[in-house]
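Enquirer: Mind looking over this structure? Questions follow.
The values are calculated or read from the model by the stated rules, or taken from the named source; none is laboratory data. Values in this document were obtained by computation on a predicted structure and should not be read as measured data. Backbone-built Cβ (ideal geometry, glycine too); neighbour counts: all protein chains shown. Each accessible area value is taken on the protein alone, full model and side chains, heavy atoms only, with ligands, DNA and RNA left out. Shrake-Rupley method; radii C 1.70, N 1.55, O 1.52, S 1.80 Å.
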Amino acid sequence: MSDNKKQEKDFTSEVDALLPETASLAEAGKLQEALDKLAALEKQTRNAADLKSTTTLVKTIAEYCYNARDFDLLNSNITILSKKHGQLKSVIQAMVEQAMGWLEDTRKKEGEKQWLQLVETLREVTEGKIFLETPRARVTLLLSQYHEDLYNKSSSSEEKRKSLETGSELLSDLQVETYSSMERREKTEFILEQMRLLIAVARQKDDAAKAEGKDSLAGGDAEWVKARVGGRKVNEGFLKEPENEDLKLKFYDLMIQHALHQSSYLDAAKYYHTVWETPSIKDDVNDKGKAALEHIVYYIVLSPHDNEQSDMLNRIYINPALEKLQLHYNLVKCFVTRELMRWPGIVELYGEFLRATPVFSIEKRWEDLHTRVIEQNVRVVAAYYTRITLSRLTSLLDLDRKQTEETIARLVVGKTIWARIDRPSEIVTFRSQRSAEDVMNDWSSDMQKLLGLVEKTWMGMNAAQAAQSRIKAS
């Protein structure tokens, strides 16, 4: 199977003479006789490496079978011709592309049974052939969509599960990111379709495991991981190009679904921020742009505090676009300002509105918001207090003693604050005891700053005196 063999003879005249004769035989119902004549000449052209003539004959054989609606013969000839000794790659490629052009018409006129047989034949012919990797991927996508249609039409839960999993597995077997013959846009579309089906299967497995009361390992964790791996295969720089905006929005929608499943609120906020920065979204200030900005606020305040979260929170706070959303602006202001937020007050001001949104209608996220408010209050207390009694701290945080200790412990482990709890004396300390070396180092640093300031002032005074002396001398 090679195209490197040198052509030994040109069979163009023989092919031109034979085609009218075989066409007459095919029209007269003598299809097998016409195919035998074409196959005999095809063998000669193939052995002589006559690419043009071989391609013409092979495509003619397939066309006669298709026109006669003899799909068993068509599938048989496609398989046999592709396996002929010394068959040229370009010939097989042309035959496969020709057959793929008949798929839509076959499905409409002959039904799905004949269509499926032709699809399976093409998948069998293209299997393991690098030069046919792109046609194989396209045919597999059609087969995957067929199984997804079965999922949508089926009424049985078991059939729905099998159909969706089959469609996902078919696409997941394709490593399209390694295909050099496929264009980047088509390659990205395939990867996004793989991710979409993986997430659909993951949700289906999660729901089944939840209904049966099983743990997460029995759910769709494996599919969620595969979806994240698929996301890493997408070139985000390529998505920034204006003509790929539709792919960009689809990609980040899938990544947001993954992030929310993992409760990675900061990642979700970053994905929404990228979507919001898309020109068509940002310009739509009353619909999509507004919704994206609102979700950025929701998920950034739900994110645990760290340097990245704090930086993003402050950047959103100073963005002029946020001022148009007064309630969201005030919510962000609560987390930016170093003041205590009493949870009952937050519920009174924002509870009714936030609970009506899809984000906070989920109980877990409402509890996470409560946790973020408590953590913010602890950081505020740690900034203003060196020591505080445990009873006073519990009243400030609107928590009981156990919850207060658990919150402080979590923040200490996360290195958000430094704290120690003296249980016998019921005192919480927010400053570590400094060694004599630390005190002396700070004193030394302060003295150096002071001496530097004195020296700078002395030099300024000398310069002023020198200037006055020159003025008097003149």
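Enquirer: Sort out which residues of the stretch 107-117 are open to solvent by less than 60 Å² (accessible area, probe 1.4 Å) and in contact (Cβ under 8 Å) with a residue 40 or more places away in the chain, and write them in order of number.
Expert: Selection gives Q114 alone.
Enquirer: Restrict the check to the stretch 262-277 and report whether at least one residue is among the acidic types (D, E), farther than 27 Å from L192 by Cβ and in a loop (DSSP other than H, G, I, E, B).
Expert: no
Enquirer: Applying the selection to the stretch 343-394, what residues are among the aromatic types (F, W, Y) and either in contact with a Lys or Arg (Cβ under 9 Å, 6 or more places away or on another chain) or open to solvent by 20 Å² or more (accessible area, probe 1.4 Å) (or both)?
Expert: Across the stretch 343-394, the qualifying residues are W343, F353, W366, Y384, Y385.
Enquirer: Next question, about the same structure. Checking R185 against (1) open to solvent by 10 Å² or more (accessible area, probe 1.4 Å); (2) over 21 Å from S82 (Cα atoms); (3) free of Cβ contacts under 8 Å to residues at least 60 places away in the same chain; (4) assigned to a helix (DSSP H, G or I), which test does it fail?
Expert: Among (1) open to solvent by 10 Å² or more (accessible area, probe 1.4 Å); (2) over 21 Å from S82 (Cα atoms); (3) free of Cβ contacts under 8 Å to residues at least 60 places away in the same chain; (4) assigned to a helix (DSSP H, G or I), the lone unmet condition for R185 is (3).
Enquirer: Would you confirm, using the coordinates I've provided, whether K290 is farther than 19 Å from R372 by Cβ, part of a helix (DSSP H, G or I) and not small (G, A, S)?
Expert: Against the criterion (farther than 19 Å from R372 by Cβ, part of a helix (DSSP H, G or I) and not small (G, A, S)), K290 qualifies.
Per-residue answers, yes or no, for (1) part of a helix (DSSP H, G or I); (2) more than 18 Å from R410 (Cα to Cα):
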{"residue": "K282", "(1), (2)": "yes, yes"}
{"residue": "Y298", "(1), (2)": "yes, yes"}
{"residue": "H305", "(1), (2)": "no, no"}
{"residue": "R315", "(1), (2)": "yes, yes"}
{"residue": "L349", "(1), (2)": "yes, yes"}
{"residue": "L354", "(1), (2)": "yes, yes"}
{"residue": "E367", "(1), (2)": "yes, no"}
{"residue": "T371", "(1), (2)": "yes, no"}
{"residue": "A382", "(1), (2)": "yes, no"}
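Enquirer: Could I ask something else about it? Just wondering, is there one or more residues in the stretch 231-244 that are open to solvent by 10 Å² or more (accessible area, probe 1.4 Å), over 24 Å from S168 (Cα atoms) and of a type in the set (V, I, T)?
Expert: No, the conditions are met nowhere in the stretch 231-244.
Enquirer: Restricting the search to the stretch 424-456, which residues are more than 47 Å from the chain's Cα centre (by Cα), charged (D, E, K, R) and modelled with pLDDT under 85?
Expert: Once the filter is applied, which keeps residues that are more than 47 Å from the chain's Cα centre (by Cα), charged (D, E, K, R) and modelled with pLDDT under 85, the stretch 424-456 yields R434, E437, D438, D442, D446, K449.
Enquirer: Follow-up. Among the listed residues S156, S172, identify the single one that is farther than 18 Å from E120 by Cβ, more than 18 Å from the chain's Cα centre (by Cα) and among the small types (G, A, S).
Expert: S156
Enquirer: Looking at I421, I417 in this structure, which one is assigned to a loop (DSSP other than H, G, I, E, B) and modelled with pLDDT under 90?
Expert: After ruling out the rest, the residue left standing is I417.
Enquirer: Just one of (1) polar (S, T, N, Q); (2) closer than 20 Å to R123 by Cα; (3) without any contact (Cβ under 8 Å) to a residue 40 or more places away in the chain trips up T54, so point out which.
Expert: The single condition T54 does not satisfy is (2).
Enquirer: Sort out which residues of the stretch 1-36 are in contact (Cβ under 8 Å) with a residue 40 or more places away in the chain and part of a loop (DSSP other than H, G, I, E, B), and write them in order of number.
Expert: If the condition is that a residue be in contact (Cβ under 8 Å) with a residue 40 or more places away in the chain and part of a loop (DSSP other than H, G, I, E, B), then M1, S2, D3, K5, K6, Q7, E8, K9, D10, F11 are the ones that fit.
Enquirer: Report yes if some residue within the stretch 271-286 is over 25 Å from D368 (Cα atoms) and crowded, with 17+ Cβ neighbours inside 10 Å; otherwise report no.
Expert: yes
Enquirer: Right, here's the next one. For residues in the stretch 118-132 being surrounded by fewer than 19 Cβ atoms within 10 Å (Cβ to Cβ) and not aromatic (F, W, Y), which is nearest to D70 (Cα to Cα)?
Expert: It comes out as E120.
Enquirer: Shifting gears a bit: Taking the conditions exactly as written (closer than 22 Å to V347 by Cα, within 34 Å of the chain's Cα centre (by Cα) and not β-branched (V, I, T)), does Q403 satisfy them or not?
Expert: No: the conditions fail for Q403.
Enquirer: If you scan the stretch 384-414, which residues turn out to be of a type in the set (K, R) and part of a helix (DSSP H, G or I)?
Expert: Within the stretch 384-414, R392, R401, K402, R410 qualify.
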